[in-house]
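The values are calculated or read from the model by the stated rules, or taken from the named source; none is laboratory data. Computed from a predicted structure; not experimentally measured. All Cβ positions, glycine included, derive from the backbone under ideal geometry; neighbour counts span all protein chains shown.
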Amino acid sequence: MKKFGREVGNTALIILGILSAGMGLKGFLLSSRFIDGGVTGISMLLSDVLGLPLAILILIINLPFIALGYKQIGRTFAFKSALAIAGLSICLAVVKYPDVTPDKLLTAVFGGIFIGAGIGLAIRGGAVLDGTEIAALLVSKSSHLLRVGDVILILNVFIFAAAAFFLGIESALYSILTYVAASKTIDFLLHGIEEYTAIIIISERSEEIRHAIIAHLHRGVTVYKGRGGMSNAEQDILYCVVTRLEIGRVKTVAQDVDASAFILTHPLSDVQGGIIKKTALH
């Protein structure tokens, strides 16, 4: 029963994502000849240049990437994504959206927000509306030099360069703004306001720092056993996960105890399970 409820929730997210992406495309971008990045941007650019229906192009261009990602990600994901992209295609062909505003800045920003919201909601529901990351994943796996982010960046450079050539410099610049707005919206929906950061602290006074973090910040701390590379002496290594707003406080607490403490931070793309919220002390 719980699984059924979860699937209903995921389906609702995907449907909302389809409607939101459709609003971004038909309600904002298409009338101004702006495009997004990725596979969606390629579809929009080809639609404008060749005069072909966007609904058909999005379906045709995205589905091969879903097929290629079948082995990499799984059958359920590929099936959901195929249905989601087909749903977006039908939505673009059938649903009538109002042309919201002629203002170019508002069009670029809010068009990007609606598209980003659509893609983000679909991802949370277990599907994709844009095959860009699947394509990037496949390319990066076959190359030792390029990461997924590098492939996406290079792809978008070519897309917006082509947009500048076919649509004009102004449309290309507004399209870049659309892409930025969409990317930020996706990040917000996937990671939320509380973006977590991992902090590693190495100090000879690690026990005092651990107590200070727990007492003052009410955060859990994991202790690893390590050994100095030069001294060969055993020492504790502290590992703590906090929100980005608390990074400065953790550093301050650690440096108040030991000004020479070695502190390393790195962002986390996802945090699940464990105690990531503040703990109450009794």
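Below are the figures for this structure:
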read-out: Single residue of Gly126, Gly111 found to be under 21 Å from the mean Cα position of the chain (by Cα), at positive phi and either of a type outside the set (A, V, I, L, M, F, W, C) or part of a helix (DSSP H, G or I) (or both); value: Gly126
read-out: Subset tally (residues that are closer than 15 Å to Phe262 by Cα, surrounded by 10 or more Cβ atoms within 10 Å (Cβ to Cβ) and of a type in the set (Gly, Ala, Ser)) for region 214-236; value: 2
read-out: Residue in region 182-192 that is at pLDDT below 95, farther than 20 Å from Thr40 by Cβ and in a helix (DSSP H, G or I) present; value: yes
read-out: Enumeration of residues in region 212-260 that are assigned to a helix (DSSP H, G or I), closer than 10 Å to Ile201 by Cβ and among the β-branched types (Val, Ile, Thr); value: Ile213, Val250, Val253, Val257
read-out: Sole residue being of a type in the set (A, V, I, L, M, F, W, C) and assigned by TED's automatic domain parsing to the domain that holds Lys104, chosen from Ala254, Ala182, Ala215; value: Ala182
read-out: Condition broken by Leu83, with the remaining ones in (1) modelled with pLDDT of 90 or more; (2) under 21 Å from Thr185 (Cα atoms); (3) surrounded by fewer than 21 Cβ atoms within 10 Å (Cβ to Cβ) satisfied; value: (2)
read-out: Tally of residues being farther than 16 Å from Gly87 by Cβ and in a helix (DSSP H, G or I) across region 15-38; value: 7
read-out: Pair list, Cβ under 6 Å, 6 or more apart: region 221-234 residue under 25 Å from Glu246 (Cα atoms), other residue surrounded by 12 or more Cβ atoms within 10 Å (Cβ to Cβ); value: Val221/Arg210; Val221/Ile213; Val221/Leu238; Val221/Cys240; Thr222/Tyr239; Val223/Asp236; Tyr224/Ile237
read-out: Counted residues, region 28-79 - those being buried (at least 24 other Cβ atoms within 10 Å of the Cβ), more than 16 Å from Ala162 (Cα to Cα) and not aromatic (Phe, Trp, Tyr); value: 3
